[in-house]
Number of protein chains: 2
Amino acid sequence: MPPDTARTRAKLLDAARAEFAEHGIAGARVDRIALRAGVNKERIYAYFGNKEQLFQHVLSESLQELTAVVTMSSDDPAEYVAQIYDFYCARPELLRLLLWEALYYGHEPIPDEDRRATSYAVKLQEFAEQLGVQPTPDVAQLLFSLIGVAAWQSTMPQMARIILGTETESEQAQARRREHLVEFTRQSIAAVKQPQG
Amino acid sequence: MPPDTARTRAKLLDAARAEFAEHGIAGARVDRIALRAGVNKERIYAYFGNKEQLFQHVLSESLQELTAVVTMSSDDPAEYVAQIYDFYCARPELLRLLLWEALYYGHEPIPDEDRRATSYAVKLQEFAEQLGVQPTPDVAQLLFSLIGVAAWQSTMPQMARIILGTETESEQAQARRREHLVEFTRQSIAAVKQPQG
DNA sequence: AGTCGATCCAACCAAGCAGTTGGCTAGAGG
DNA sequence: CCTCTAGCCAACTGCTTGGTTGGATCGACT
């Protein structure tokens, strides 16, 4: 295989990620992706088929990265939630991709749903283990809610700015919010851990 | 003013709301909006200027509705959060509009930011009163997080379906999730109510 | 009935868009 | 050195789209 083909693909994927994160599926412009990548537009169709399939490639690549980085390494669930928060603060594009996709597909099944299901199942399993309980629907609800809290600030930056104050991006502000999340998580976990305590 | 002008406007706004909620700003088609409304396309430009301004009209109308419906009527904060949840389950388009806007404007200031700021400030004030505390930044953080939890299921329907099980839309499933939210909220509020308790 | 002003709309326009094509280039195999 | 294949790209295509326009319609007032 001639030299640059892998490199060209990678450049396209990077450019596409930036473009899709910024403008979404409908708003993304194929020409702009090619331009950003410094590659001819036609390569996109040769490698990926069409715009939507390119989006899927970008997304699945990004999801792999996400699941790899955010792990249940520590055995503190609150720390896990804070990790998710950190990750989305550092790489908001990945969350944006997920949100564009969510809005685009709505309630219709998303491509590749199976693989994601197993990935989430694993996370749930780990989460339950950390808590020392079974992975019941209640625990799933809890995990889902906590992911929501962790991601909410990056999901709604304008609302965050308005409610939490103008400077949400300073390191100090993020540290404070992180603290809040840890405390919040500890608090909300208590009920599940000692049911009817 | 001749008879139908107000009615025509209203029909356009309704159609635009549906179209924008479904497809976002970039994905919405002006022709489709006119078609849905049964009105000529040119009226949109006469009444609202252009596509983006039309979106703003739709959004501000929807926000008014939202703030009117979701009130702090009861003096139970958990009930308030559950109300938000109910509202977004019943009218997911409104959340979708907010999300499209959030993605579209990103970190740039949104049009009409001032009015929204005061609206949120009022909600925060009410929330703090319900808790019987001052509206400190901590309370703002809590309110913001709780809004996130309440909205998360409608924000990420695919993730919800995968983690919470296939049927998230049945009345039973929604009632269960509502229960979870109430419990979750009570739990997480405790810390703020009795600080360092 | 006649004029006037505003509302409405079919047809139009130019730009922007996703996707294609036909030919050029360079490296591998003979 | 020649051929063949796969990667590459400038230029093109035809459709879609946001936005416009010129004239038809209609109610109000005289």
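Coordinate-derived values only; no laboratory data. Keep in mind that what you see is a predicted model, and the values were worked out from it rather than measured. Positions of Cβ are generated from backbone atoms using ideal geometry, with glycine treated the same way; all protein chains shown enter the neighbour counts.
The calculated P(r) of the range A:103-186, using every Cα pair and 5 Å bins from 0, goes 3, 12, 16, 19, 17, 13, 15, 6, 0 in percent.
Counting only lysines at least 8 places from residue A:11 when in the same chain, those with an alpha carbon closer than 23 Å to its own are A:41, A:51.
Each copy carries a label point for residue A:10 at 7 Å from Cα along the beta-carbon vector; from one copy to the others these points are 6.0 nm apart, nearest first. Using 10 Å bins from zero, what percent of all Cα-Cα pairs in the range A:148-197 falls into each bin? With a bin width of 10 Å, the distribution comes to 24, 45, 20, 11, 0.
Label-point spacing at residue B:52 relative to the other copies reads 2.8 nm, in ascending order, each point sitting 7 Å out from Cα along Cα→Cβ.
Its alpha carbons considered, the range A:82-152 gives a radius of gyration followed by a Dmax of 13.4, 37 Å.
The spacing between the range A:96-162 and the range A:60-92, judged by their C-alpha centroids, is 11 Å. Over all pairs of different C-alpha atoms in chain A, the reciprocal of the mean inverse distance, the Kirkwood hydrodynamic radius, equals 18.7 Å. A viscosity of 0.890 mPa s and a temperature of 25 °C, combined with the Kirkwood radius over C-alpha pairs in the Stokes-Einstein formula, give the range B:1-113 a diffusion coefficient of 161 µm²/s. Span-like helix check, chain B: qualifying full DSSP H segments, with Cα axial length of 18 Å or more and mean Kyte-Doolittle of 0.5 or more, are B:92-105, B:137-155.
Taken over the protein assembly as shown, the ratio of Cα radius of gyration to 2.2 N^0.38 Å equals 1.03. For the range B:55-123, the spherically averaged projection of the C-alpha convex hull amounts to 4.9 nm².
Taking the square roots of five times each eigenvalue of the Cα gyration tensor of the range B:38-81, the equivalent ellipsoid has semi-axes of 35, 9, 7 Å, listed largest first. With the label put 7 angstrom out from Cα along the Cα-to-Cβ vector, residue A:117 ends up 4.7 nm from the copy partners, going from closest to farthest.
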